[in-house]
1. Among S318, T259, S299, which residue has its Cα positioned farthest towards the positive end of the charge dipole of segment 215-326, with +1 placed on the Cβ of Lys and Arg, -1 on the Cβ of Asp and Glu, and the dipole taken about the Cα centre?
2. Local charge sum around N113 (other residues, Cβ-Cβ under 13 Å, Lys/Arg +1, Asp/Glu -1)?
3. If you take the beta carbon distance between Y171 and V247 as r and set R0 to 35 Å, what does 1/(1 + (r/R0)^6) give as a FRET efficiency, to the nearest 0.05?
4. Averaging over all projection directions, find the projected area of the Cα convex hull of segment 130-205 and quote it in nm² with one decimal place.
5. Where a Cα-Cα gap under 19 Å defines reach, which aspartates and glutamates qualify for K292, not counting those fewer than 8 residues away within the same chain?
6. If the only charges are +1 at each Lys and Arg Cβ and -1 at each Asp and Glu Cβ, what is the size of the charge dipole of the chain around the Cα centre, to the nearest 20 debye?
7. Which ordering of D130, D155, D120 is given by a fewest-first count of other beta-carbon atoms within 10 Å?
8. Calculate the spin-label point distance for T311 paired with D229, positioning each point 7 Å from the Cα along the beta-carbon direction, and give it in nanometres.
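Since every read-out is calculated from the coordinates, none of them should be taken as a lab result. These numbers were taken from a predicted model, which means no experiment stands behind them. All Cβ positions, even for glycine, are placed from backbone atoms using ideal geometry, and neighbour counts span all protein chains on display.
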Amino acid sequence: MKLIASTLMFFLLTASNFVYAVQEKVEPEKIKLGAFVTSLYNINADKGIFSADFWVWTLSSKQANYKINDSLEINYSSSEFPRIFSNQNTEILNKKTVLQQKKIQGVFLHDFNLEKFPFDTQNLQISFEDGLLNSSLLEYESDNTSGFDKAISIDGWKIKSVNLRKDLKTYDSNFGNFTAPSKESYSRAVLDILIERNAPFIFFKLIMGLFLAVFVALCSCFMPTISEDIFSGRMGLLGGTLLAAVVNQQFADAKQGDTTAVTLIDMLHMLGMITIMILLIITSISRFLSQKESTSFNSVKLDLASFVTMTVFFIGFSFYLVLGAL
């Protein structure tokens, strides 16, 4: 009896280990997901949002019993605006593949990077994730037929590309399920919408006032400081150009929107203000030299050297910053 019991126990353990090994090797269900953008609008950097209309669909086997309405989650949506689902459709292809489609209209969040404004590009993202099954049970695959309507027109922007890619999101939580691992991974499909700003003249519109102010400030170097009246007028002129640069900076801020980043426009304005401040200091030194009769380096030579040096300084650094943004 002991021999029979031991043999039976051996077979039971072997069978349980075999079942466990089979379960461990079970592949996750493959669900092909696609998306096609039909409209893109309301791109607002101040609020950090954009609006999009698009079709989303899934292709799955009949055995999978996958329901797009039950578990598909769409991330980066704004809670202030409700999503609209319409035109839902389900059909069987080739008697074995289930096609599920629905159209979505929504407002989505995006952290706009404006460091290179107005030559910036933005990668708008919408991600699709299953809310019920983790990556060990379900895996999304991107459909190569995803894309966007080439007729989409956005004021001030141009769509460079739209791509759908696979991704894996790991959460440092088991969401209260203490029987599960401390970390959970879920399969994702991420829709990348790459857009670039298409407003070439806005750059000149934002910096025209600054460049004119700096040009006038540089021309002040031809005002001799030997005369007290001309010296006073020169200082007043430089003070006026500095005020003009500050006002133009406020105008540019209103156009580019609120951001904590230091943008290209900000750096150009700081460069212009530094140039004018240096010219103010040089003007004071020039006035001091004009009062000294026995100096080998007089105020006229200083003013001429200052004009050449500061012109090269401002134009050179301006080109460096703009080319870096481009």
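1. Highest projection toward the positive end goes to S299.
2. Value of the local net charge: -2.
3. Taking R0 as 35 Å, the efficiency between Y171 and V247 is 0.10.
4. Approximately 8.0 nm², given one-decimal rounding.
5. E228, D229, D303
6. It comes to approximately 660 debye.
7. D155, D120, D130
8. Inter-label distance under the simple model: 2.8 nm.
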